[in-house]
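Accompanying notes for the structure given below.
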Amino acid sequence: MHDTAAAALSPFDIAALLVVAAAVFGYINHHYIRLPHVIGLTIMGALAAVVLTVLNALVPSITLDDSVSRLLERLNFTQTLLQGMLSFLLFAGALHVDLDRLKADWLPVLLLSTVGVIISTVVVGVAAWGVGMLLGVQIAPIWYFVFGALISPTDPVSVLGVLREENVPASLQSAVAGESLFNDGVGIVVFTILLGAAVTGADFSLGEGARLFVIEAGGGVAIGLLIGWLGFRALRSMDEYTLEVLITLAVVMGGYALCSQLHVSGPLAMAVAGLLIGNQGANLAMSDQTLDYVNKFWELVDEVLNSVLFLLIGLEVIALAPGLRELVFGLAAIVITLAARAIAVGGAIKAIPAARLSTPGSGRVLWWGGLRGGISVALALSLPEGSTRDLLLAATFAAVLFSVLVQRATLGKLIDGLKASHSPAMEKSEQSGPSSD
């Protein structure tokens, strides 16, 4: 009966349930719990999953947890995020990044979103391999590097949300946002390459991996420039805000679908297209009225999808049934990902003095602000079924939940502390030269 009821729900019914749940939980959090929106929804989603599990254990005939699990399976969190939500979220985030300020810090952004992701993948892979050996885990070593690739990208939704709330210098805000937007695309490309080698059992070739990386990443950037330019020309040819909003929507949906067909990086394409339309389009192709409508439309899209995304992350906890080994590995993963982020930031920036960000304390913001989120969860859920997936999924959830519940909750305090200790320098950060952290 429960199977039939779950199967009878249409995609619209499932979307309606998620939006209603996000709205109800958001209302409760806003009026009574008063946690930051993202944190509140994640905690309430996780608590709902735990309550369903406990109810099912106490009253087996209810089988509510099974029903929720089937709904999540039908929703296919991985495909929903990677093939749907991510395109909107990245474009919406890129619209608000100041390209001129991003150009000023192009070198650290480039290093962090490419070299930094690769360094983090290697460090996490090696460290996780060592922990796995201590725990007696019998899996092929390349799977640890697959985990390194899926956990290395930072989450633009979480990062941009905090930066909007905090009055950080515009240069640091643009650099952190830009790095977060682009390292998603790079991380997904690296993950895809490593996962292909892990699944097929073929020896990983650094040369072949580099070739695939150039094709997917370079192709994504090229498609992003193309669709962004086409959208810009269309916007410039008219002054009709309803149609112009529709054009931006077509750029996102049509562009991402094209990238999927061409097997190039859709996330990178969306970041590039969003930067182009949010800067050149806003300055040269939109009237003030159109710009206001476009910004409000994409802010609303971002907020709604953001709410549903973090509710889903909380609900996905119901898919876990970790044993002692998974719990230990998950706790180790938290430490490993923090250490890898510190090494990646230090290695990518401090190794080249000219690539350091100008804002004092930026290194610590980049490290602690390297939040993990839905993208890592979606990639972990896309792994083939089996004990390896269960182990890596537990580690991913541990790192993501720590990131959302601890790092995001305390990032504002870190920024406030840096403002207090570096306030004169931060006031002048727009005019000053490079500064070490």
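The values are calculated or read from the model by the stated rules, or taken from the named source; none is laboratory data. Keep in mind the model is a prediction, meaning the values are calculated, not measured. Here Cβ is always computed from backbone atoms with ideal geometry, including for glycine, and neighbour counts include all displayed protein chains. Just the protein is used for accessible areas: all its heavy atoms, side chains included, with ligands, DNA and RNA removed. Shrake-Rupley method; radii C 1.70, N 1.55, O 1.52, S 1.80 Å.
At-a-glance table
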item: Efficiency of FRET from Cβ geometry, Val19 and Leu258, R₀ 25 Å, rounded to 0.05; result: 0.35
item: Extension gain from Leu243 to Leu55, taking 0.36 nm per residue of separation minus the Cα-Cα distance; result: 62.7 nm
item: For peptides 184-191, 25-32, 385-392, sequence by mean Cβ density within 10 Å, most packed first; result: 184-191, 385-392, 25-32
item: Calculated FRET value between Val199 and Ile33, using beta carbons and R₀ = 56 Å, to 0.05; result: 0.85
item: Amide hydrogen neighbours beyond the local backbone of Val264, cut-off 5 Å, H modeled; result: none
item: In Hz, Karplus ³J(HN,Hα) per residue of region 243-248 (6.51, -1.76, 1.60; θ = phi - 60°; x = Gly, Pro); result: 6, 5, 4, 4, 5, 4
item: Surface share of carbon and sulfur [accessible, 1.4 angstrom probe, percent] for region 123-275; result: 67 percent
item: Accessible heavy-atom area order of Phe310, Phe402, highest first, probe of 1.4 Å; result: Phe402, Phe310
item: Spin-label pair Leu230/Arg389, simplified geometry with 7 Å Cα→Cβ offset, distance in nm; result: 3.5 nm
item: Modelled FRET efficiency - R0 41 Å, Phe12 with Lys413, Cβ distances, 0.05 increments; result: 0.50
item: Cα gyration tensor, region 139-274 - rounded (a/c under 1.5), prolate or oblate; result: oblate
item: Cα→Cβ-extended label distance, 7 Å offset, between Val328 and Leu135, nm; result: 0.8 nm
item: Cα gyration tensor shape for region 257-315, rounded if a/c is under 1.5, else prolate or oblate; result: oblate
item: Packing-based ranking, highest mean first, of 219-227, 171-179, 91-99 given that Cβ atoms within 10 Å are counted; result: 171-179, 91-99, 219-227
item: Heavy-atom surface of region 82-211, accessible at 1.4 Å and reported per residue (Å²); result: 36 Å²
